[in-house]
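K.L.:
The structure's right below; bear with me while I get my questions together.
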Amino acid sequence: MQDMTFHQNSNHPYTVDDDLLNEAEVNGNWTPQEKALHEARLKAKAKRRLRKSSSRNSTSESFSESGELSGSDPHSPKGKVNASDRKSRTGKGRGLPKKGGAGGKGVWGAAGMVYEDEEPDMRDPNYDESGDTVYATVVPEVDEKELEKMVNPIVQEYFEHGDTKEVQMLLKGLNLGQHKYEFSSLAVSLSLEGKASHRELTSRLLSDLSGKMLSQSEMARAFDKILKELPDLILDTPEAPQMLGQFIARAIADHVLPMSFLDCYKGKVDCDHARVALDRAEVLLNMKREMVRLDNVWGVGGGLRPVKHLVKEMNLLLKEYLISGDVSEAEHCLRDLEVPHFHHELVYEAVVMVLESKGDTASHMMIKLLQSFWKTGLITVDQMNRGFQRVYDELPEINLDVPHAHSIMETFVDLCYQESVITKQLRDACPARGRKRFVSEGDGGAIKN
């Protein structure tokens, strides 16, 4: 048997030379291996012919009678298909758009197609036997441990803007559940540590929430909790029992709490602090003016007070200080007024009292008071300058009632400058009398340089 030469090809791994195979076939001396290899070769050749014929048919069908590609752009290169063409490119279709023109990105169907309501499928896992399916947002109930963290910012912001409607809107977004009453108790507890204006805002908030978001029974439950917490609250706020009594009285007057709230505790209270709070509330409710005046139980907030009232309060503050000499109490009273923009009135009244007083006691005490307010920052440099400047402007009129006003003023201004209460510019701005002084004026007849 002749030797057979094998050649390696990319399409056919191992092929036999055609002349050698034909000669072996004529002689009829094939071995079983050669015969199997020859059959495999014939099958592979038949597959290649089938592929070539199918590709020729698809190409010929895409050509029109004129020899041009059907559906292609006349300006495009020959043999290329337009990428935006929706017609079938396999050569098997009728040349119509795919899916009848209803296919493609962002297309929901053919033009003019009307979709009818589909009947619900009982095999659908989302099938609802009751009919219409209603979807609602479910807010998880707030945990008791997270309640205080969520409520504190709401109350603190309310103390700044004072809008009760915004608080109601925020509370509606929270699912407080059975802990809803605790919002009132937390708000009252926070206001006890704040200012009188904060307590007034809290009373208004409770009044607006009552009946809309919180019932009287829930409000009573909240105040009952605060009464039990008084021993802890009194550590930070010693006046908590009296303040809570005012809260209870105001709540009853605003119909936030039932009228029978106090009757439920008669003879059943063991805590001394709770008894003080309840007694305070009962006294306020039994006053001659009754519940009409309880609207001002916390006073009127700072800037809302009339100017005459503020002037009267500051005069009373200074007179009490001249009697007691207690600087800390005077500072506490001034802070309670909550009118930092009106502190120049205190400076003005203090200087006028020094001019109208006899002796040096009032002068030294007022310097001590103003120095304390200056160091603590309670009175700013602007308020201090405005107060002294007002006295400078009215000094001619004051001199009519106090003949020695100019000399007393000069002495007082020098002492204030020495104690660093006023600036050098303010001291130099003090008006001076441009005339000779007489012995009758009490300064020894010395002429001012």
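The values are calculated or read from the model by the stated rules, or taken from the named source; none is laboratory data. Remember, it's a predicted structure, so these values are computed and weren't measured experimentally. Cβ atoms come from the backbone with ideal geometry, glycine included; neighbour counts cover every protein chain shown. Protein only, heavy atoms only, side chains kept; ligands, DNA and RNA dropped before computing areas. Shrake-Rupley method; radii C 1.70, N 1.55, O 1.52, S 1.80 Å.
K.L.:
Just subtract the alpha-carbon distance of Arg335 and Lys312 from 0.36 nm times their residue separation and send over the number in nm, one decimal. Please list the in-between numbers first.
P.N.:
Numbers: separation 23, 0.36 × 23 = 8.28 nm, distance 1.54 nm.
Residue separation times 0.36 nm, minus the Cα-Cα distance, leaves 6.7 nm.
K.L.:
Using the per-residue mean of other Cβ atoms lying within 10 Å as a proxy for protection, in what order, highest first, do the peptides 185-195, 368-378 fall?
P.N.:
185-195, 368-378
K.L.:
For the pair Asp263/Gln389, report the inter-label distance in nm, with labels modelled 7 Å from Cα in the Cβ direction.
P.N.:
Placing both labels 7 Å along Cα→Cβ, they lie 6.2 nm apart.
K.L.:
For Asp224 and Leu400 in the same chain, what is the full-extension length gain: residue separation times 0.36 nm, less their Cα-Cα distance, in nm? Could the numbers behind the result be given before it?
P.N.:
Details: separation 176, 0.36 × 176 = 63.36 nm, distance 6.20 nm.
So the extension gain works out to 57.2 nm.
K.L.:
So, in nm, how far is label Gln371 from label Arg51 when the simple model puts each one 7 Å beyond its Cα toward the Cβ?
P.N.:
The two pseudo-label positions are separated by 10.8 nm.
K.L.:
Here's a follow-up. Between Tyr115 and Glu160, what is the spin-label point distance in nm, taking each point 7 Å from the Cα along the Cα→C-beta axis?
P.N.:
So the two model labels end up 4.8 nm from each other.
K.L.:
Now for a different question. Which distance in Å, rounded to a whole number, links the C-alpha centroids of the range 321-345 and the range 168-246?
P.N.:
29 Å
K.L.:
Another question, if that's okay. In the structure shown, do any of Lys145/Lys165; Lys308/Lys375; Lys195/Lys312; Lys212/Lys266; Lys149/Lys268; Lys195/Lys268 have a Cα-Cα gap over 24 Å, and if so which? Present the calculation step by step, with values, prior to reporting the outcome.
P.N.:
Numbers: Lys145/Lys165 26 Å; Lys308/Lys375 28 Å; Lys195/Lys312 21 Å; Lys212/Lys266 30 Å; Lys149/Lys268 33 Å; Lys195/Lys268 32 Å.
Over 24 Å apart, Cα to Cα: Lys145/Lys165; Lys308/Lys375; Lys212/Lys266; Lys149/Lys268; Lys195/Lys268.
K.L.:
Then there is this: Could you sort Arg49, Arg386, Arg199 by their accessible area in this structure, using a 1.4 Å probe and putting the largest first? Mind dumping the intermediate values first?
P.N.:
Values: Arg49 160, Arg386 110, Arg199 25 Å².
Largest accessible area first, the list is Arg49, Arg386, Arg199.
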